[in-house]
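In what follows, a single structure is set out as structure tokens and then discussed.
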Amino acid sequence: HEHSFGEWTVTTEPTCTEKGVETRTCECGESETREIPALGHDYVNGECSRCDDVKEAHFVDVPVGEFYFDPVEWAVENDITTGMTETTFGPTLDCNRAQAVTFLWRAAGSPEPTSTDNPFVDVTQEAFFYNAVLWAAENGITTGIDDTHFDPYGDCNRAQVVTFLWRAADEPTSEVEVSFTDVVEGAFYYDAMLWAVENGITTGTSETTFAPLEICNRAQVVTFLYRIHAE
């Protein structure tokens, strides 16, 4: 006779690594089963939210559970960073302007600059950041600290970083309102800051402060990029 099965019922819950089973039963008492695929790990900053599994980090100085764990892993997998050494990333080291622009350039796919015109006397052709800076200059992402200097080894503050990111995104407008007491409307980074807040790239350093002059470390810059490109 034709069976009249009821609803599927989970009889064995799947786990991250093991398949589960669900069953349905006919009015006549006969039943059938089918497999439920394993769930797979749900990693958040290296820790699985469903079990006690943890990912193996690329770098010894990027601990599981830190807010920047996922961003750094993403940056490694996408050739945005190779770290300071094979085993260290240097997350708390100040990020200089050369590093910030290079991270940004690599996140954009490492495009070749279309011009070899280099306006900056402090950016040599042998430097690891040469193509990144030329690309950033020709795309209006940076104008340097003056007409002839980029200042590659100068520390990059929060205002500069969000401005680089905003310009790379083609300077979108934002309608969000902020209550930061340390931000002056009309500052060079003001529109960039609004865009970054509106898009969840940063929430400021507190409810009332953005800290535009605070130096960004390497972990923070990579995290900003991750929030734009990966989340």
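Pairs are defined by a Cβ separation below 7 Å, a sequence spacing of at least 6 or placement on different chains, a first member in segment 1-14 that is polar (S, T, N, Q), and a second member that is assigned to a loop (DSSP other than H, G, I, E, B); the pairs so defined are SER4/GLU27. Residues of segment 169-194 being touching a Leu at 6+ places or on another chain (Cβ under 8 Å) and modelled with pLDDT of 95 or more, which ones? If the condition is that a residue be touching a Leu at 6+ places or on another chain (Cβ under 8 Å) and modelled with pLDDT of 95 or more, then ALA192 is the only one that fits.
Scan segment 190-231 for residues that are within 20 Å of the chain's Cα centre (by Cα) and hydroxyl-bearing (Ser, Thr, Tyr) and report the count. So the answer is 5. Which of the residues that make up segment 25-84 are outside any loop (DSSP other than H, G, I, E, B) and among the charged types (D, E, K, R)? Once the filter is applied, which keeps residues that are outside any loop (DSSP other than H, G, I, E, B) and among the charged types (D, E, K, R), segment 25-84 yields GLU32, ARG34, GLU35, GLU47, ASP70, GLU73, GLU77.
Looking across segment 184-204, the residues that are in contact (Cβ under 8 Å) with a residue 12 or more places away in the chain and out of contact with any Pro (no Cβ under 8 Å at 6 or more places or on another chain) come down to PHE188, ASP191, ALA192, LEU194, ALA196, VAL197, GLU198, ASN199, GLY200, ILE201, THR202, GLY204. Filtering segment 202-216 to residues that are open to solvent by less than 30 Å² (accessible area, probe 1.4 Å) and either outside any loop (DSSP other than H, G, I, E, B) or modelled with pLDDT of 95 or more (or both) leaves PHE210, ALA211, PRO212, CYS216.
Among the residues making up segment 85-102, a single one is part of a loop (DSSP other than H, G, I, E, B), among the β-branched types (Val, Ile, Thr) and over 11 Å from VAL60 (Cβ atoms): THR92. Figure legend. Inter-residue proximity from segment 21-33: first residues among the acidic types (Asp, Glu), second residues at pLDDT 95 or above and open to solvent by less than 60 Å² (accessible area, probe 1.4 Å), beta-carbon distance below 9 Å, spacing 6+ or different chains. Indicated pairs: GLU22/ILE36; GLU32/THR23. The residue that is nearest to VAL72 (Cα to Cα), among those in segment 128-148 that are of a type in the set (A, V, I, L, M) and open to solvent by 20 Å² or more (accessible area, probe 1.4 Å), is ALA137. I'm checking my understanding of the structure. Among residues of segment 99-123 that are open to solvent by 70 Å² or more (accessible area, probe 1.4 Å) and of a type in the set (Val, Ile, Thr), which one is nearest to THR223 (Cα to Cα)? Step by step, filter segment 99-123, then rank; the result is THR114.
The values are calculated or read from the model by the stated rules, or taken from the named source; none is laboratory data. As the structure is a computational prediction, the values presented were derived from the model and not from experiment. Neighbour counts are summed over all protein chains in view; Cβ atoms, including those assigned to glycine, are modelled from backbone coordinates with ideal geometry. The protein model used for the area step is the full one, side chains on, heavy atoms only, and it has no ligands, DNA or RNA in it. Shrake-Rupley method; radii C 1.70, N 1.55, O 1.52, S 1.80 Å.
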